[in-house]
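Report on the structure given below.
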Amino acid sequence: MIEVRGVTKRFGARCAVDRLDLEVRSGELFAFLGPNGAGKTTTIKMICGLLSPSSGVVRIGGNEATSQAARQLLGYVPDQPYLYDKLTGREFLRFVVEMYGLEPGRASRRILELIDVFEMRDYIDELCESYSQGMKQRVVFASALVHDPKILVVDEPLVGLDPRSARIVKDLFVQQARSGCAVLMSTHLLAIAEELADRVGIVDHGRMLASGTVDQLRSELKHHGPLEDLFLSLTGDHRPPMSSVEGQGPIDLAGRPQPAGTPL
Amino acid sequence: MSLVIGESGRIEPPPLPAEQTARALRHLRWWLMRNTVRSVLSGSRLRLTMILCCSAVFWLGLFGLFWGSFEFIGINDALVNGIFEYLFSMFFLSILVMLFFSTGILTYTALFHSREGAFLLTTPATTDRIFAYQFTESVGLSSWAFFLLGSPLMVAYGLTNGAAPGFYLIFLAYLVAFVLIAGSLGAIAAIVVANVFPRRQKLVLSASVAGILGLGALLGWRLWSTPGDALSTDWLAGVQDRLAFAQSPLWPSRWMSAGLLAASRSDWSRSGYYLVVLSAHAGLAYLAAAAMARDLYFRGYSRVQGNRSARRRQGGYWFDALFHRTFFVLPRPVRLLILKDLRSFRRDPAQWSQFLIFFGLLAFYFLNIPRLGYAVQSPSWRNLVSFLNLSVTALILSTFTSRFIFPLLSLEGRNFWVLGLFPLRREQILWGKFVFSVGIALLPTELLVSLSDAMLGMGPLMIALHAAMVAVLCAGLSGISVGLGARLPNLRESDPSKIAVGFGGTLNLLVSLVFIFAIVTALAVPCHLYYLGIEHPEAQYALTHGAFRFWLTIAFAVSLVIGLVGTVLPLRIGIKAFQRMEF
């Protein structure tokens, strides 16, 4: 469903994404991992048709990413979601369903269903300007799902959500994937990726370092520790975990052991 | 959603009718307008009343000015013949240029830099449909001022010339077509800039504005230097010759002025002809803009987003050290805040380029004073011009403080979690802004006013007096902008230009204008009466030297008191509000 082939994106002299290959199939939940500035958001913006690649191909359901057909198939939750301050949450959802041409009766039922799923009944008819970050995030999730997308792309999905909302969102991701939707999720939270994802891809400096199931990565890289250690060793930021130096004196911010008596 | 899977495995969603997204965007606009009106009506009645009253006063003031001007021109038969067409052509040409720039800038921001633009690009709406939606809003925002300026002009003209009611109706049709031409051309320019100069948009804008201002200054200079006695036939012929370029039949402003003047004479066939010409070109210009948006919007968006400057900015530490040493009397946290604001000022060309352009043009004018012959005029005339020059400098400074200093606190509100944790009192933040504003304003204004006085050949006493007045004005205008900025902040808005044109910014500008008027009038009156007495000792209110010294001392003391109140009172109000404020 999502097909990224040899994609490079340059910002002037800087190469943000470097010959990246990525595929997310129907019914699959793919977690896109990488340190800050690794090129995750740039890749996601190319998948959503907001940026054009300097070279390479991005296809959504076989369509060019910038085409109207691709946008009809896609639901997108950006890292900094946008809502109209002077619309109520319900009006925003009605705008989205109208934009995607949903039949009115079906659209109303779907909106009510999502209001219940995301527990938004108490505030859905208030102006979005009065919403907290978490409330906004829930409306944006609902708007991305309200037209039953075949592909869901989510950048940092759990930012600003309380544990209950986070649980709802995580369940929804799995449910979407099981119902045949291709879900691409970019996250820093390795535990979430380990818990939910069918496959993970680790990207750094714009290049895909490794991709596959967590077990495949462990076996290929001969690394049997937690995903966090695997990630850190791949991205070159490895530092000894606190537990490994416990009792051996202080460490500095880079994780290097310091002589006893060094002030922290 | 029923999907079709093609032979190549491509998933084809059902085609979306073009009208579907258009309807959704129309509904969106309706909901937004309705909810905004409801919010305004349910908000502060005082604020709404004040906005309406200010607009009404502004409209009536302009109407009175235009009415008086048309009456004056009407009694001079030599002026009536042909001069209106020149005046209207020039007026509409100036408006055309302003609308071109304002709509271009607003469209550029809406299409290529707004989060709404990014959001709409992820929906199934086509790029020309998104353009149409954003363009309508940009044209509305940029043209309301034209309506506020143009409507009293047209009503005053219609009434003084006994125009038929149809004249006022046809003006509205002309207005729509005219605004559409200027806006569409501005939008085309915005799309071209995004595609061709994605990293140089500010440079292109600055160069264009400087070019236009340069041409304006050249035209002004040529008009000033028209030979012959003012209002004589030769002089009028000279003025018309210099304005002849505005009469080119290729300018939409010419079609507008010719058509409206024909309508005022009830020459409907001629007026209708020009309306058709104007409307046809408006349609063509919009079509061209929409076609360019369809083909180039996405490409331009990608280029603008993909070419954001990532230039490393280092150095300048010698300046920091010098600043700390020079202003050691200020508390260190205040100095650090000022340095932060100075750095932001230096890195934002929108701020210093406007500062540079306006003050540069003033300096150009002041340097040309000897060529304009003011320096050889009578003392009372030179005194009058010196006060007028001082007023213009202060007025430009007030637009600067309203546009850039007033929004500082509103913008700081978003970063208050940083400032709030610093070991300094909240009032110190305001004092820091105040000192920053005074420091930025004082140097260029003092230099400009001294230059003006030197070119006019004013005496040392007047130069010293003007220098002191400029200091008082800088402190007062800074105090007003910082104080009101803290009292009436807009913490939701991140765009300083939108903060400046809001209620608080408008009130700030009005208070600043009243302050300038009070300070300048207090000192200009005794000076004028004194110099008048030198030329015409028999004049009724002329002051003798002794009386002048007495009244000047009184006036100086009064202006100092006004300056002190104008500086301290808004700051106190601002500090109190800022200390109570929750972020």
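The values are calculated or read from the model by the stated rules, or taken from the named source; none is laboratory data. The structure displayed is predicted, hence computed values, not measured ones. Note that we place each Cβ from the backbone using ideal geometry, even for glycine, and neighbour counts take in every protein chain shown.
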Qualifying position, being touching a residue at least 60 places away in the same chain (Cβ under 8 Å), assigned by TED's automatic domain parsing to the domain that holds B:Phe70 and not aromatic (Phe, Trp, Tyr), among B:Pro152, B:Pro165: B:Pro152
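Could you count how many residues in region B:38-59 are part of a helix (DSSP H, G or I), more than 10 Å from chain A (Cβ to nearest Cβ) and either on the phi > 0 side of the Ramachandran plot or free of Cβ contacts under 8 Å to residues at least 40 places away in the same chain (or both)? Break it down stepwise before answering.
So in region B:38-59, the residues part of a helix (DSSP H, G or I) come out as B:38-42, B:45-59.
Then keep just the ones that are more than 10 Å from chain A (Cβ to nearest Cβ); that gives B:40-42, B:45-59.
If we keep only those that are either on the phi > 0 side of the Ramachandran plot or free of Cβ contacts under 8 Å to residues at least 40 places away in the same chain (or both) as well, we get B:40-42, B:45-46, B:48-49, B:52-53, B:56-57.
Qualifying residue count, region B:38-59: 11.
Can you tell which of A:Asp125, A:Asp85, A:Asp116, A:Asp79 is under 21 Å from A:Leu152 (Cβ atoms) and not in a helix (DSSP H, G or I)? Can you show your working first?
Values: A:Asp125 fails: under 21 Å from A:Leu152 (Cβ atoms); A:Asp85 fails: under 21 Å from A:Leu152 (Cβ atoms); A:Asp116 fails: not in a helix (DSSP H, G or I).
Step by step, each of A:Asp125, A:Asp85, A:Asp116, A:Asp79 is checked, and only A:Asp79 is under 21 Å from A:Leu152 (Cβ atoms) and not in a helix (DSSP H, G or I).
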Within region A:154-186, can you find the residues that are touching a Ser or Thr at 6+ places or on another chain (Cβ under 8 Å) and of a type in the set (A, V, I, L, M, F, W, C)? A:Val154, A:Leu158, A:Cys181, A:Ala182
Just give me the residues in region A:115-161 being touching a strand residue (DSSP E or B) at 6+ places or on another chain (Cβ under 8 Å) and either without any contact (Cβ under 8 Å) to a residue 12 or more places away in the chain or surrounded by fewer than 17 Cβ atoms within 10 Å (Cβ to Cβ) (or both), in sequence order. A:Asp125, A:Glu126
Region A:38-48, residues that are small (Gly, Ala, Ser) and within 14 Å of chain B (Cβ to nearest Cβ): A:Gly39
Give, as residue ranges, the helices (runs of 4 or more DSSP H) completely inside region B:365-417 that count at least 2 residues that are at pLDDT 90 or above, assigned by TED's automatic domain parsing to the domain that holds B:Leu465 and closer than 23 Å to B:Phe345 by Cα. B:379-400
Residue list for region A:78-94, filter: within 16 Å of B:Glu116 (Cβ to Cβ) and among the aliphatic types (A, V, I, L, M): A:Leu83, A:Leu87
Is it true that B:Ser452 is under 20 Å from B:Ala500 (Cα atoms) and among the polar types (S, T, N, Q)? no
Given the condition farther than 19 Å from B:Leu28 by Cβ and surrounded by 19 or more Cβ atoms within 10 Å (Cβ to Cβ), answer yes or no: does some residue in region B:112-134 qualify? yes
Out of (1) in contact (Cβ under 8 Å) with a residue 40 or more places away in the chain; (2) within 11 Å of chain B (Cβ to nearest Cβ); (3) in contact with a helix residue (DSSP H, G or I) (Cβ under 9 Å, 6 or more places away or on another chain), the odd one out for A:Leu73 is which? (3)
Which listed residue, of B:Val568, B:Val558, is of a type outside the set (Phe, Trp, Tyr), surrounded by 14 or more Cβ atoms within 10 Å (Cβ to Cβ) and either closer than 30 Å to B:Ser410 by Cβ or in contact with a Ser or Thr (Cβ under 9 Å, 6 or more places away or on another chain) (or both): B:Val568
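Determine, yes or no, whether A:Pro35 is more than 8 Å from chain B (Cβ to nearest Cβ), at pLDDT 90 or above and in a loop (DSSP other than H, G, I, E, B). Let's see the steps before the verdict.
Values: more than 8 Å from chain B (Cβ to nearest Cβ): yes; at pLDDT 90 or above: no; in a loop (DSSP other than H, G, I, E, B): yes.
Criteria not met by A:Pro35.
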Condition check for B:Ser497: hydroxyl-bearing (Ser, Thr, Tyr), surrounded by 21 or more Cβ atoms within 10 Å (Cβ to Cβ) and assigned to a helix (DSSP H, G or I): no
Count, please, the residues in region A:8-31 that happen to be more than 28 Å from A:Arg178 (Cα to Cα), more than 12 Å from chain B (Cβ to nearest Cβ) and among the aliphatic types (A, V, I, L, M). 0
Of everything in region A:85-117, what is of a type in the set (Asp, Glu), facing chain B (nearest Cβ under 8 Å) and more than 21 Å from B:Glu19 (Cβ to Cβ)? Give them in sequence order. A:Asp85
For A:Phe141, only one of the following conditions fails: (1) more than 18 Å from the chain's Cα centre (by Cα); (2) under 25 Å from A:Ser108 (Cβ atoms); (3) hydrophobic (A, V, I, L, M, F, W, C). What is its number? (1)
Within region B:317-335, the residues that are of a type in the set (A, V, I, L, M, F, W, C), in a helix (DSSP H, G or I) and in contact (Cβ under 8 Å) with a residue 12 or more places away in the chain are B:Phe323, B:Val334
Taking region A:55-69, which residues are touching a helix residue (DSSP H, G or I) at 6+ places or on another chain (Cβ under 8 Å) and either within 13 Å of A:Val17 (Cβ to Cβ) or within 8 Å of another protein chain (Cβ to nearest Cβ) (or both)? A:Val58, A:Gly61, A:Asn63, A:Thr66
